[in-house]
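Structure record follows, encoded as structure tokens.
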Amino acid sequence: MTLELRVNTDSEHAAAIAARLLESFEDTVGVTLTTRTVDADFAPPLRIEPDSRRVLLRGEVLEFTRLEFDLLLFLSRNPDRVFDRLTLMAQVWGLSGGNGRTVDVHVRKIRGKLEPVLTPITTVRGVGYRFDGAGQVLIAD
């Protein structure tokens with residue numbers, strides 16, 4: 001069965017709308033979707049492929065360590081939520097204890113690989129980190 005959905009919107013919001021629609025549909029129906037982008041400007045610049053553990057930025061493969069990849073994937077799957085460092089260590093890597101500075105190091109490395117094209121991870125001072133780039137990423141589950 002083929003389902004075609006067309007949404008008319010401005011280019012500034014198209015990627016965010018497409019990403020949220022896909023995620024919502026996949027979560028609700030439980031079916032993995034494939035997408036076809038008519039205009040390349042509307043494609044989210046960041047693509048995460050969990051099965052192959054690849055990250056592509058504007059079509060170019062980026063090298064991520066296991067810990068960096070796991071952290072980026074976790075944050076991108078949980079956008080707009082703030083996580084403290086100890087929670088990230090426990091939920092992403094299964095680690096308990098520590099001072100959380102490991103998370104700071106890996107966030108800095110992720111940012112270094114994505115910037116200046118994207119800045120999806122926001123530091124919430126005194127709390128932790130939040131992923132604000134939901135419209136800029138496509139997770140190809």
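Only the coordinates and a few stated rules stand behind these numbers; no lab work does. A quick note: this is a predicted structure, and the numbers were derived from the prediction, not measured. We place every Cβ from the backbone using ideal geometry, glycine too, and count neighbours over all the protein chains shown.
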Extension gain from Lys109 to Asp80, taking 0.36 nm per residue of separation minus the Cα-Cα distance: 8.4 nm
Amide H contacts under 5 Å for Arg54, placed H, 5+ residues apart: Glu49
³J(HN,Hα), Karplus 6.51/-1.76/1.60, whole Hz, each residue of the stretch 50-59, x for Gly, Pro: x, 5, 9, 6, 10, 10, 10, 10, 6, x
Spacing of the two label points (7 Å from each Cα toward its C-beta) at Thr122 and Ile17, in nm: 2.2
Arg54 versus Val29: modelled label distance in nm, points set 7 Å from Cα along the beta carbon direction: 2.5
Hz values of 3J(HN,Hα) by residue in the stretch 65-80 - Karplus curve (6.51, -1.76, 1.60), Gly and Pro given as x: 6, 4, 5, 5, 4, 4, 5, 4, 5, 4, 5, 5, 7, 10, x, 6
The stretch 83-95 - phi-based ³J(HN,Hα) in whole Hz, Karplus 6.51/-1.76/1.60, Gly and Pro as x: 10, 7, 4, 5, 5, 4, 4, 6, 6, 8, 10, x, 9
Charge dipole (debye, nearest 20) of the stretch 86-141; +1 at Cβ of Lys and Arg, -1 at Cβ of Asp and Glu: 220
